[in-house]
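Have a look at the structure below before the remarks.
The values are calculated or read from the model by the stated rules, or taken from the named source; none is laboratory data. Just so you know, these numbers come straight off a predicted model, no measurement behind them. Cβ coordinates were reconstructed from backbone atoms using ideal geometry, including for glycine residues, and neighbour counts include every protein chain displayed.
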Number of protein chains: 2
Amino acid sequence: MSEAVSESAAPVESSHDVLFKPLGIDTWREHVVYLHRDCAVCHAEGFTAQTRVTVTIGTRSLVATLNLVGSALLSPLQVSLSTGACNILQAREGDIVRVSHGPTLDSLRGVRAKAYGHHLDRAQLCAIMHDVAAGRYADVHIAAFLTACVHGKMNLRETVDLTRAMVETGETLRWDRAIIADKHCVGGLPGNRTTPIVVAIAAASGLMIPKTSSRAITSPAGTADMMEVLTPVALSAGRVREVVAATGASLVWGGALSLSPADDVLIQVARALELDSDAQMVASILSKKIAAGATHVLIDVPVGPSAKIRQEADLNRLRKLMTHVAAACGIRVLVVRTDGTQPVGRGIGPALEARDVLEVLQCKPGAPQDLRARSVMLAGLLLEFCESCPEGAGPALAVRALDSGAAWRKFEAICEAQGGLRAPGEAVFRQDMTSPNDGIVTEIDCRLLARTARLAGAPERQVAGIDMNVRLGDAVRRGDTLYTLHAQASGELAYAAAYATSHPAIRIGEPR
Amino acid sequence: MSEAVSESAAPVESSHDVLFKPLGIDTWREHVVYLHRDCAVCHAEGFTAQTRVTVTIGTRSLVATLNLVGSALLSPLQVSLSTGACNILQAREGDIVRVSHGPTLDSLRGVRAKAYGHHLDRAQLCAIMHDVAAGRYADVHIAAFLTACVHGKMNLRETVDLTRAMVETGETLRWDRAIIADKHCVGGLPGNRTTPIVVAIAAASGLMIPKTSSRAITSPAGTADMMEVLTPVALSAGRVREVVAATGASLVWGGALSLSPADDVLIQVARALELDSDAQMVASILSKKIAAGATHVLIDVPVGPSAKIRQEADLNRLRKLMTHVAAACGIRVLVVRTDGTQPVGRGIGPALEARDVLEVLQCKPGAPQDLRARSVMLAGLLLEFCESCPEGAGPALAVRALDSGAAWRKFEAICEAQGGLRAPGEAVFRQDMTSPNDGIVTEIDCRLLARTARLAGAPERQVAGIDMNVRLGDAVRRGDTLYTLHAQASGELAYAAAYATSHPAIRIGEPR
């Protein structure tokens, strides 16, 4: 009735103070805040279990999901936080904590619009990436966004805008050379760990290649997971600059640098869903490369019936999208098709792949030749692409770097600069998986192998995974070992073995 | 190497026993299990925070998300559960609890296939609904499924199969009459609470109408939320049969009956995402009706610029889909278009809507006439559709039932049979939202009003919501009350008022 009422504008977020008490509950990256169900803030604000709230200590704040405690764990004047949230807020016992309503997520309108088949403009995508990077989205929101964007549902303009939005929500690295090389594999092929070898060859041949890698999304290992077996990879931007200044290269985890941080959040949920999409893949890869300061990026795309990219049509679509988005963002990409019909090297999983990489770099006689040949080919193409040598001269230059020991010395130097080179560990629990009959290896399902290696514990358990004993075309006898499962826990070994038995990844055909 | 190795098949799920200790943490419907990070099962099975695990006590089990405790809350030999999981497993202190690997969700392949644009067959949809109803999906999986199915991405055959799959994963009710009437509103129009009035009129006119309703998805109240203000709605199937035997009708919550239980899970995540889709809507509505034993269902579809259905084309698509799916499942539907340009009645929110319903049923002079007129129209059409009267005679029959007091007596009888009729409560905290200038009400945004009412606490707080003071075309003066916010907590009132101020739902145009 009176005007005065509507003019007394209420604050958007009112808040109440409670005191922090540690409970030591680890919820991984899902932040949880614990309040007693009788505390004043719950009643005043109408909070219930699972309400999304903003938690603030001093000048730091984050969005968390509320759990209510009905026991004496907490008094109505106390609050607790999951350990991840504790670390981010640097919470100490007795700290004053403010809990208020979570942000109104206006950007979710864009997610719904996308789900309903509409195209998003740059402002919508920026708003979504901003909220994602700030941790304001619950996992269900991220799952909806990812699902809405798969399978060509993003057009070219949207993919460019998404890429730029991802770059803009994070930090960027800049280098003082005209050509900064980079290399990436879209994945999908277990054991395809050419990146450390290509980086070592390229840097030994004079290129600047400050490589930042991701951890695995749906695979048993990412390059960062594998490199972490050998050397520290979670370096600050300042430390990466030192490493690159000293060696011309790095092999670090991008996630520690806050390059395209929204991507890191998206990737975790994509992993839970085992969901990949062209637009997401292109934006993820290119946003990391642009933020890392690359100018020339070689993209390795394995094509095969059970790889991530299965058909030539998919490759061509991806190449076109990747090339266009890169050009729109001012960088160059070279998309290289590689064979994706079977795993590369012998190991699948961080430590087993690290072993293969060391053998190739050290030119060991038993080193997996397929991994060596592929690395040489890619390094050669990268050297040509970056104008380090005339067209056609790349492979020979790469072989020289490898065989002379220059690439291995460069790799050692990079690892030393990052904090020291260490030897891969080995799994305690192993089980041979054998052939059920005589015959020829006619088909290897990379997806089933990857799934089996993940069930065995990879990539979280570095030593877990699969050690392959056969390749396509090999003749085997009944009882021969096809591959060996490696695990750090007996339960994981049993679980992976049971899955492998019920989902055979290797087909043994009639002997010729 | 030896055959013996691969023949010693490992069990799919190994397990370890720990003892239950209650901690009293409420996580709502997201089940959480707490283990000490040093407990044997974590090491043996390789569990980490957020691992999905199967928790078993005696013959009961469920799937939960693991949180790890690093403090003295639990010893390495103890386990705890969120309160919801405690209740389902009937856990008591000292119970032996087995924690093992969660199920391998093969049905997720179908979710991914759907996201990638493939059509799903009946077996895939059954497998997904089965896993959803059993609580095996994490919320991110459900979010991905819902997002993959929105906006016409499900074809007719899939929608029929989804509907049947949802019916088959739950209980069903059967009645001994040839015609069983039902009525449903697709929602989107705040305050449109005709169902209790239509049921009372229809039952008073001799129809059998055992109505089971849902709670709100994205709206400030569902019929079940509103009815719960007046009478118990969470009745067992046996109690519903008694109520229907006594009165020919019921007005209960379907969720307590395990009719189409997968739908109840989907609806909770859809609510968090504020995501609706044709196929999901049709499958949700029809699966509930089929499971409840209905043969003739009237579907009220409000059409308006800010209603759930905004255009005639959407209505026609929905009518076609609804009619086809119903026919394929052996029931009949009558889709009725109603005006969706503004809220119905005055109240928005459970208690305020209950007040309006009582006023109409009791033929109070001040009762909202739009709610009465709409209820009479729908009840008349339902009576004709169910062959209770000749075509064209329905509305007069409905008016007679209302004006004679027969409908009110029937409503009283239904509530008494369900456990007693009680009076709606009233909100302590209220705030008038006033007109910023003189003019005419030219537009009412139902979505913004619904959002405001939800921020005020509806439907969780029964008394929370909005009491409308104007309708389209009304002349107002600066400072006149447009509507009054009702809340149970001062924080919620302030939050809703702030949102309403920054997102005005009512447009005041130039006076004529």
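Look at B:L251 and say whether it is in contact with a strand residue (DSSP E or B) (Cβ under 7 Å, 6 or more places away or on another chain), outside the structural domain of B:H486 (by TED's automatic domain parsing) and either under 22 Å from B:S205 (Cα atoms) or not polar (S, T, N, Q) (or both).
Working: in contact with a strand residue (DSSP E or B) (Cβ under 7 Å, 6 or more places away or on another chain): yes; outside the structural domain of B:H486 (by TED's automatic domain parsing): yes; either under 22 Å from B:S205 (Cα atoms) or not polar (S, T, N, Q) (or both): yes.
Yes.
So, in the range A:289-302, how many residues would count as being farther than 23 Å from A:E384 by Cα and touching a strand residue (DSSP E or B) at 6+ places or on another chain (Cβ under 7 Å)?
Start the filter on the range A:289-302 by keeping residues that are farther than 23 Å from A:E384 by Cα, which leaves A:291.
Filter again for touching a strand residue (DSSP E or B) at 6+ places or on another chain (Cβ under 7 Å), leaving none.
The number of residues fulfilling the criteria is 0.
Could you tell me whether any residue of the range A:148-162 is within 10 Å of another protein chain (Cβ to nearest Cβ), within 19 Å of the chain's Cα centre (by Cα) and touching a residue at least 60 places away in the same chain (Cβ under 8 Å)? Give the derivation first.
The first filter runs over the range A:148-162 and keeps only residues within 10 Å of another protein chain (Cβ to nearest Cβ), leaving A:148-153.
Filter again for within 19 Å of the chain's Cα centre (by Cα), leaving A:149-150.
Those still in the list that are touching a residue at least 60 places away in the same chain (Cβ under 8 Å) too: A:149-150.
Looking for residues that are within 10 Å of another protein chain (Cβ to nearest Cβ), within 19 Å of the chain's Cα centre (by Cα) and touching a residue at least 60 places away in the same chain (Cβ under 8 Å), one finds at least one in the range A:148-162, hence yes.
Here's the yes/no breakdown for (1) out of contact with any Gly (no Cβ under 6 Å at 6 or more places or on another chain); (2) surrounded by 23 or more Cβ atoms within 10 Å (Cβ to Cβ):
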site	(1), (2)
A:L259	no, yes
A:I290	yes, yes
A:V297	yes, yes
A:I309	yes, yes
A:E312	yes, no
A:A327	yes, no
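Does A:D445 meet the test of being in contact with a strand residue (DSSP E or B) (Cβ under 8 Å, 6 or more places away or on another chain), under 30 Å from A:E460 (Cα atoms), surrounded by 14 or more Cβ atoms within 10 Å (Cβ to Cβ) and in the same structural domain as A:V470 (by TED's automatic domain parsing)? Lay out the reasoning, then the answer.
Values: in contact with a strand residue (DSSP E or B) (Cβ under 8 Å, 6 or more places away or on another chain): yes; under 30 Å from A:E460 (Cα atoms): yes; surrounded by 14 or more Cβ atoms within 10 Å (Cβ to Cβ): yes; in the same structural domain as A:V470 (by TED's automatic domain parsing): yes.
Judged against the criteria, A:D445 is a match.
Where in the range A:246-345 are the strands (runs of 3 or more DSSP E), entirely inside, with at least 1 residues that are out of contact with any helix residue (DSSP H, G or I) (no Cβ under 6 Å at 6 or more places or on another chain)? It would help to see each step written out before you state the result.
Details: elements: A:249-253, A:296-303, A:332-339.
By residue number, A:296-303, A:332-339.
Could you tell me which numbered condition A:A292 fails, if it satisfies all but one of (1) over 27 Å from A:L207 (Cα atoms); (2) touching a Leu at 6+ places or on another chain (Cβ under 6 Å)?
Of everything listed in (1) over 27 Å from A:L207 (Cα atoms); (2) touching a Leu at 6+ places or on another chain (Cβ under 6 Å), A:A292 misses just condition (1).
Would it be correct to say that A:I440 is buried (at least 20 other Cβ atoms within 10 Å of the Cβ) and modelled with pLDDT of 95 or more? So that I can check it myself, show each step before the final result.
Details: buried (at least 20 other Cβ atoms within 10 Å of the Cβ): no; modelled with pLDDT of 95 or more: yes.
Taking the combined requirement at face value, the residue does not satisfy it.
Scan the range A:454-477 residue by residue and report those that are under 20 Å from A:G425 (Cα atoms) and modelled with pLDDT of 95 or more. Steps first, please.
Quick first cut of the range A:454-477, residues under 20 Å from A:G425 (Cα atoms) only: A:454-469.
Result: A:Q462, A:V463, A:A464, A:G465, A:I466, A:D467, A:M468, A:N469.
Which of the residues that make up the range A:106-148 are at pLDDT below 90 and more than 21 Å from A:T27 (Cβ to Cβ)?
Scanning the range A:106-148 gives A:Y116, A:G117.
I'd like the residue in the range B:407-449 that is on the phi > 0 side of the Ramachandran plot and within 28 Å of the chain's Cα centre (by Cα) and, out of all such residues, is nearest to the other protein chains (Cβ to nearest Cβ). First the steps, then the outcome.
First, pick out the residues of the range B:407-449 that are on the phi > 0 side of the Ramachandran plot: B:419-420, B:439.
Among the residues that remain, those that are also within 28 Å of the chain's Cα centre (by Cα) are: B:419-420.
Numbers: B:G419: 25, B:G420: 26 Å.
Out of the qualifying residues, it is B:G419.
Would it be correct to say that B:V79 is touching a helix residue (DSSP H, G or I) at 6+ places or on another chain (Cβ under 9 Å), in contact (Cβ under 8 Å) with a residue 24 or more places away in the chain, within 12 Å of chain A (Cβ to nearest Cβ) and in a strand (DSSP E or B)?
No.
Scan the range B:129-139 and give yes if some residue there is β-branched (V, I, T) and in contact with a strand residue (DSSP E or B) (Cβ under 6 Å, 6 or more places away or on another chain), otherwise no. Talk me through it step by step, then tell me what you get.
From the range B:129-139, those β-branched (V, I, T) are B:132; that's our starting set.
Those left that are additionally in contact with a strand residue (DSSP E or B) (Cβ under 6 Å, 6 or more places away or on another chain): none.
No, that holds for no residue.
For the range A:261-281: of the residues being more than 13 Å from the chain's Cα centre (by Cα) and of a type in the set (A, V, I, L, M, F, W, C), which is surrounded by the fewest Cβ atoms within 10 Å (Cβ to Cβ)?
Taking the range A:261-281 and keeping what is more than 13 Å from the chain's Cα centre (by Cα), we get A:273, A:277-279.
Checking which are of a type in the set (A, V, I, L, M, F, W, C) leaves us with A:273, A:279.
On the way: A:L273: 24, A:A279: 22.
Taking the candidates together, the pick is A:A279.
Do you know which residues across the range A:291-334 are hydrophobic (A, V, I, L, M, F, W, C), within 25 Å of A:V376 (Cα to Cα) and either in contact (Cβ under 8 Å) with a residue 60 or more places away in the chain or not assigned by TED's automatic domain parsing to the domain that holds A:S214 (or both)?
Residues satisfying the conditions are A:A292, A:A294, A:V297, A:L298, A:I299, A:V301, A:A307, A:I309, A:L318.
Could you please let me know if A:R98 is charged (D, E, K, R) and closer than 30 Å to A:M166 by Cβ? Before you say what the answer is, go through the steps one by one.
Numbers: charged (D, E, K, R): yes; closer than 30 Å to A:M166 by Cβ: no.
In short, no.
I'd like to check which helices (runs of 4 or more DSSP H) are fully inside the range B:96-185 and have at least 1 residues that are among the hydroxyl-bearing types (S, T, Y) and not assigned by TED's automatic domain parsing to the domain that holds B:L251. Spell out how you get there, then give the answer.
Details: elements: B:108-115, B:122-133, B:139-149, B:156-168.
Result: B:139-149, B:156-168.
Considering only the range B:481-512, state which residues are in a strand (DSSP E or B), without any contact (Cβ under 8 Å) to a residue 60 or more places away in the chain and crowded, with 23+ Cβ neighbours inside 10 Å.
Quick first cut of the range B:481-512, residues in a strand (DSSP E or B) only: B:481-487, B:506-509.
Then drop every residue that is not without any contact (Cβ under 8 Å) to a residue 60 or more places away in the chain, which leaves B:481-485.
Listed by number, the residues that qualify are B:L482, B:Y483, B:L485.
Let me spell it out: the conditions are (1) touching a strand residue (DSSP E or B) at 6+ places or on another chain (Cβ under 7 Å); (2) in a helix (DSSP H, G or I); (3) within 12 Å of another protein chain (Cβ to nearest Cβ), and A:A458 meets all of them except one. Which number is the exception?
It fails just one condition, (2).
In the range A:197-221, what residues are surrounded by fewer than 24 Cβ atoms within 10 Å (Cβ to Cβ) and at pLDDT below 95?
A:S214, A:R215, A:A216, A:I217, A:T218 - these are the residues of the range A:197-221 that are surrounded by fewer than 24 Cβ atoms within 10 Å (Cβ to Cβ) and at pLDDT below 95.
When you scan the range A:88-111, how many residues do you find that are under 28 Å from the mean Cα position of the chain (by Cα) and of a type in the set (A, V, I, L, M, F, W, C)?
Residues that pass the stated criteria total 5.
Quick one: count up the residues across the range B:104-128 that are facing chain A (nearest Cβ under 8 Å), over 14 Å from A:L275 (Cβ atoms) and of a type outside the set (S, T, Y).
Qualifying residue count for the region: 0.
Give the residue that is surrounded by the most Cβ atoms within 10 Å (Cβ to Cβ), with candidates limited to residues of the range A:368-404 that are of a type outside the set (D, E) and assigned to a loop (DSSP other than H, G, I, E, B).
Looking at the filtered set, the residue picked out is A:C386.
Taking the conditions exactly as written (of a type in the set (V, I, T) and outside any helix (DSSP H, G or I)), does A:T452 satisfy them or not? Reasoning before the result, please.
Values: of a type in the set (V, I, T): yes; outside any helix (DSSP H, G or I): no.
The answer is no for A:T452.
Which residues, counting only those in the range B:82-93, are assigned to a loop (DSSP other than H, G, I, E, B) and touching a Lys or Arg at 6+ places or on another chain (Cβ under 8 Å)?
Step one: list which residues in the range B:82-93 are assigned to a loop (DSSP other than H, G, I, E, B), which gives B:82, B:90-93.
B:Q90, B:E93 - these are the residues of the range B:82-93 that are assigned to a loop (DSSP other than H, G, I, E, B) and touching a Lys or Arg at 6+ places or on another chain (Cβ under 8 Å).
Give me the residue from the range B:46-65 that is crowded, with 23+ Cβ neighbours inside 10 Å and either more than 26 Å from A:Q268 (Cα to Cα) or at the interface with chain A (Cβ under 9 Å from one of its Cβ atoms) (or both) and, out of that set, modelled with the lowest pLDDT.
B:G46
Quick one: which of B:V41, B:V69 is at the interface with chain A (Cβ under 9 Å from one of its Cβ atoms), in contact with a His (Cβ under 6 Å, 6 or more places away or on another chain), under 23 Å from A:A494 (Cα atoms) and of a type outside the set (G, A, S)? I'd like the intermediate steps shown before the answer.
Working: B:V69 fails: under 23 Å from A:A494 (Cα atoms).
Only one candidate passes the filter, namely B:V41.
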